[in-house]
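The values are calculated or read from the model by the stated rules, or taken from the named source; none is laboratory data. No experiment lies behind these values; they were computed from the predicted model shown. Because the Cβ atoms are built from the backbone with ideal geometry, glycine has one as well, and the counts that use them run over all protein chains shown. When the accessible area is computed, the model is the full protein with side chains, heavy atoms only, and any ligands, DNA or RNA have been set aside. Shrake-Rupley method; radii C 1.70, N 1.55, O 1.52, S 1.80 Å.
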Amino acid sequence: MLRKSQAIRPGDLEAVAGSRGEQHLLAIADRRELAEDLTDILLQRGGRNVCRALVRNSGARFSAAGQATLVAKARDDDEVTKDLSLRTDAILRELPSAAPGEAIGGIADATDCELRQRIKEAAGPIARGLGVKERRPVDYSEARSTVVALSRIGKLNDSTVNRFAMRNETANLIASLSVLSDAPTEIIESIMADADCTSLVMACRASRLNWQTTLTILKTRDAGQLSDEQRERAQQLFEELYLSTSQWAVRWGDMAAGAGRTAASNNGAKSGAKR
């Protein structure tokens, strides 16, 4: 009832939130829409799980004080940091103006530096797999056209991607992961060649593929045989990953790879200038 009923008045919800236990707070935190006054109470009285539920709830609205509380909690909790990163742009954009004052400003300043750095570090596994290696560029335009056409008719699925992997149709496989995960093809190409399969598992999870398809991709890539230990570790990671976390990690990985390419380009330019 607390989670779904529309018959409960806002005042009654606030009364329950102000007097009942964690399970009641969690149920309220999952409601489709939550006003600022109610989220303030939930953040004040609830524990970590309530906080994470609120951050993941796109219908939850936060006051200036609530936003500051969320950011402060994220600084001390990696899981809240990950959840907050999914809606960090909206919160951080409003925070400095919505919460003036020295104390709140300090949190905002820390957010711009420390929290953003923590978010990038949390995405480290996929970022490490995105080092751009020099290789002859591959034209994926034809493969991408093929998989986009399959996607439009609803046939870019586990069966199709699994078949691409089994047949070693690498261009089609890379293009499929790119389209499904919304990551550039050069990123998928890079993590496919990485000996550490962590980033590839994240990309497969972000692509909404199942574990069997992911395992086929891991077995047929060119990065060497998958040991039993690597397989178990990869499966555990796959099962523990949230879809949203994986998609977030792929986006951060894209930024990291882009920065790497820019740095490599700049170094090349400097080297050329010396010559």
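Structure above, values below:
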| quantity | calculated |
| --- | --- |
| Among the residues listed as Leu2, Leu92, Leu38, the single one being of a type outside the set (Val, Ile, Thr), at pLDDT 90 or above, at negative phi and touching an Asp or Glu at 6+ places or on another chain (Cβ under 9 Å) | Leu38 |
| Subset of the stretch 2-27 that is farther than 24 Å from Thr245 by Cβ and touching a residue at least 24 places away in the same chain (Cβ under 8 Å) - its residue that is most open to solvent (accessible area, probe 1.4 Å) | Lys4 |
